[in-house]
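Undergrad: Here it is: the structure, laid out below.
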Amino acid sequence: MSDQLLKTPLFEVGSIWVKSAQDLGNRIRTAILLLSDFRDPATYVTIAVALASIVALYYLYELLFVPLNRVRLLGDLGYVPEGKLTQKDMVNVVRKRRMVGDLPPVYPNGWFAVFESHELKSGQVHNVSFLGKNLAVFRSEKGTAHVLDAYCPHLGANLAIGGQVKGDCLECPFHGWQFRGDDGKCVKVPYIEDKNIPAIANIHSYQVLEQNGFVQIWYHAEGVEPHWTPPVIDEIANGDWTYRGRTEHVINCHIEEVPENGSDVAHLGHLHGPIMFAGIDLRYTYDKIWSFGKHMWAGEWSQCPDEKHVGILRLKHSMKLFGIHIPLLDMDVEARQTGPGIVYLLLKNKFWGRGALMHCVTPMEPMQQKMVHQIYVNRYLPTVFAKFIMLGEALMVERDIMIWNNKKYEGKPVYVKSKEDGLIAKHRRWYSQFYSENSPRLSFKQDNMEW
C-alpha cells in the first residue's frame, strides 16, 4: 500500500467509490439504451445482472466505509416471547410482574452523557428525557452546546418542541421569551422592555462538558458543584483516532447493574464464553453446535488509588476456533469507570494498534437506561475491521441485556467466599459514593378509593 494512499482520508476514498459506481451506472445505462434488443430475453438477464451489481456495490461501500449505527430499543431484544405476545409486548408484562428488589437511589450524582456531539449542529435544538426530566439540548450559533430544563416558566411550553436558537439563547415557541444557555436567565420578552423582566423569569441551566464525542451534564441531588471531571482522550481530541461507529441500547434495569458488570469477572467466562456467532438469545447460545469457538477472558477490577471516583477493570481477551488460537483478536482492555455512568475502554492489539470504546449509560427513568457506545480507532485502520470489533462488543452487551431486562436488583446478595464475589462487594461499596441524602428513590403508589 503506497504512502499516498495511506495519507488519503477514508472519506475521500469513499467518495472515489461513489464516483466509480456512478460512472459504472452511466455506462451501463448507455449500453442498455444503445445496444440492447428488448426482444431478446438475454437483454433482461443483462439488465438484472447490472442492477444486482449496482446494489452489491452500494452495500459493499456501506460495509467498507460507512460507520456502524446499530440501534436496539426497548423490546427489540432481551425478552422471551410468550404465546402470541411478542418481545415488545413482553416489556410491560415483565415490568409488572418481576420483583424489583431493594433498590439504591435511582439517579446517582455525577456527569452524564445526554447527546452525541456529531448529531448536534449549530442552531439545532433537541428534546431528550433523562434523569426523570425533559431537557432541551441546543447548540448556539457560535457552536457552544447548552442544556436547559425543557419547560418555559411562563406557561409551560416545551422549548425544544418548536423553539428557535437565537444567538446563545433559546426562544420559546409560544410567546417568544428568550433564555440564555449559560445561566438560563430570561433576556427578552417581546412585549415588555428588558428592564421589566422579573428576576424569577429564569430556567435551570446545566453545567455542560463537551468532549470525547459527547455532550455531558453535571447532576447532583444536593446541588453540589462538580469536584471532578472526566478526562479528555488526547487521541480523539487531536484526530489521531477517528470515529467509526456507534451502538445504542435502551435497557430495563437499575443504572448500577450496568457498571457492576465490570467487577463481575466470574460472569465473563460463562455468559461471554460462547463464540459471538452463537447470538444473543441465551436459550440457544450454550448449544453444543457453537462449541467450535470460544472467547477467553481474564480480568480484575480495582479502585483507582489517585482518583476515588474512578474504578479500573483490566481485561485480557483471546479467542480460539477449533482449538486454534487467533492472535489477530487478542486484546488488552483497560476500562476506566469514571463516575456512575461513563466508561472509557482503551483497547490495545499488537496487530492493529490502539483505540477506544466510549461507553455512556444515562437514566431516562428510574428503571430505564440509555446506553451508547462509540468506537474510535487509528485513522489508517479499515472501517470494516473497526465495525467488526464494534459488532462483537454489541453482541456481547446484548447477552447482558437479556439478563438485565429480566432480573431483580439483589440488595443483599448471597456471596460465596471467593475473590470473584469479593470484587462485586467491593464495587458496590465504591459505587455508593455517588449517592447522597436527597438522591431520588423509586416509590410505589397503590390505587385505592380514597379522595
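The values are calculated or read from the model by the stated rules, or taken from the named source; none is laboratory data. Just so it is clear, the structure is predicted and the values come from calculations on it, not from any experiment. Cβ: placed from backbone, ideal geometry, glycine included. Neighbour counts: every protein chain shown.
Undergrad: Which residue pairs have Cβ atoms closer than 6 Å, lie 6 or more positions apart in sequence or on different chains, and pair a first residue in the stretch 300-314 that is under 20 Å from Gly110 (Cα atoms) and assigned by TED's automatic domain parsing to the domain that holds Glu420 with a second residue that is aliphatic (A, V, I, L, M) and assigned to a strand (DSSP E or B)?
TA: If the second residue must be aliphatic (A, V, I, L, M) and assigned to a strand (DSSP E or B), the pairs left are Ser302/Ile312; Cys304/Val310; Cys304/Ile312; Leu313/Ala335.
Undergrad: Listed residues Gly223, Gly239, Gly245; which is without any contact (Cβ under 8 Å) to a residue 24 or more places away in the chain and surrounded by fewer than 22 Cβ atoms within 10 Å (Cβ to Cβ)?
TA: Step by step, each of Gly223, Gly239, Gly245 is checked, and only Gly223 is without any contact (Cβ under 8 Å) to a residue 24 or more places away in the chain and surrounded by fewer than 22 Cβ atoms within 10 Å (Cβ to Cβ).
Undergrad: Can you find even one residue in the stretch 443-450 that is basic (Lys, Arg), at pLDDT below 95, over 30 Å from Leu60 (Cα atoms) and surrounded by fewer than 12 Cβ atoms within 10 Å (Cβ to Cβ)?
TA: Yes, because at least one residue in the stretch 443-450 is basic (Lys, Arg), at pLDDT below 95, over 30 Å from Leu60 (Cα atoms) and surrounded by fewer than 12 Cβ atoms within 10 Å (Cβ to Cβ).
Undergrad: Kindly indicate the residue of the stretch 69-121 that is among the hydroxyl-bearing types (Ser, Thr, Tyr) and touching a residue at least 12 places away in the same chain (Cβ under 8 Å) and also nearest to Gly411 (Cα to Cα) among those meeting that condition.
TA: Step by step, filter the stretch 69-121, then rank; the result is Tyr107.
Undergrad: Six or more apart or on different chains, Cβ atoms under 6 Å: show the pairs whose first residue is in the stretch 317-341 and touching a residue at least 60 places away in the same chain (Cβ under 8 Å) and whose second is of a type in the set (Gly, Ala, Ser).
TA: Ala335/Gly262; Gln337/Gly262; Gln337/Gly311; Gly339/Gly110; Pro340/Gly110
Undergrad: Moving to a separate point now. Does the stretch 304-323 contain any residue that is in a strand (DSSP E or B), in contact with an Asp or Glu (Cβ under 9 Å, 6 or more places away or on another chain), within 23 Å of Asn378 (Cα to Cα) and of a type in the set (S, T, N, Q)?
TA: yes
Undergrad: Separate question: So which strands (runs of 3 or more DSSP E) are wholly in the stretch 107-151 and hold at least 2 residues that are more than 20 Å from Asn212 (Cα to Cα)?
TA: It comes to 125-130, 133-139, 145-149.
Undergrad: Please enumerate the residues belonging to the stretch 397-417 that are farther than 12 Å from Cys253 by Cβ, out of contact with any helix residue (DSSP H, G or I) (no Cβ under 7 Å at 6 or more places or on another chain) and surrounded by 15 or more Cβ atoms within 10 Å (Cβ to Cβ).
TA: Passing the criteria: Val397, Glu398.
Undergrad: So which residues in the stretch 352-380 are within 17 Å of Asp332 (Cβ to Cβ) and either in contact (Cβ under 8 Å) with a residue 60 or more places away in the chain or small (Gly, Ala, Ser) (or both), if there are any at all?
TA: Gly353, Arg354, Gly355, Ala356, Ile375, Tyr376, Val377, Asn378
Undergrad: Mind checking whether some residue in the stretch 295-303 is closer than 16 Å to Lys426 by Cβ and part of a loop (DSSP other than H, G, I, E, B)?
TA: No: zero hits.
Undergrad: Determine the pairs where a residue that is closer than 17 Å to Lys308 by Cβ and touching a residue at least 24 places away in the same chain (Cβ under 8 Å), located within the stretch 404-433, has a partner that is acidic (Asp, Glu) and in a helix (DSSP H, G or I) with Cβ atoms under 8 Å apart, the partner being 6 or more residues away or on another chain.
TA: His427/Glu260; Arg428/Glu256; Arg428/Glu260; Tyr431/Glu256; Tyr431/Glu260
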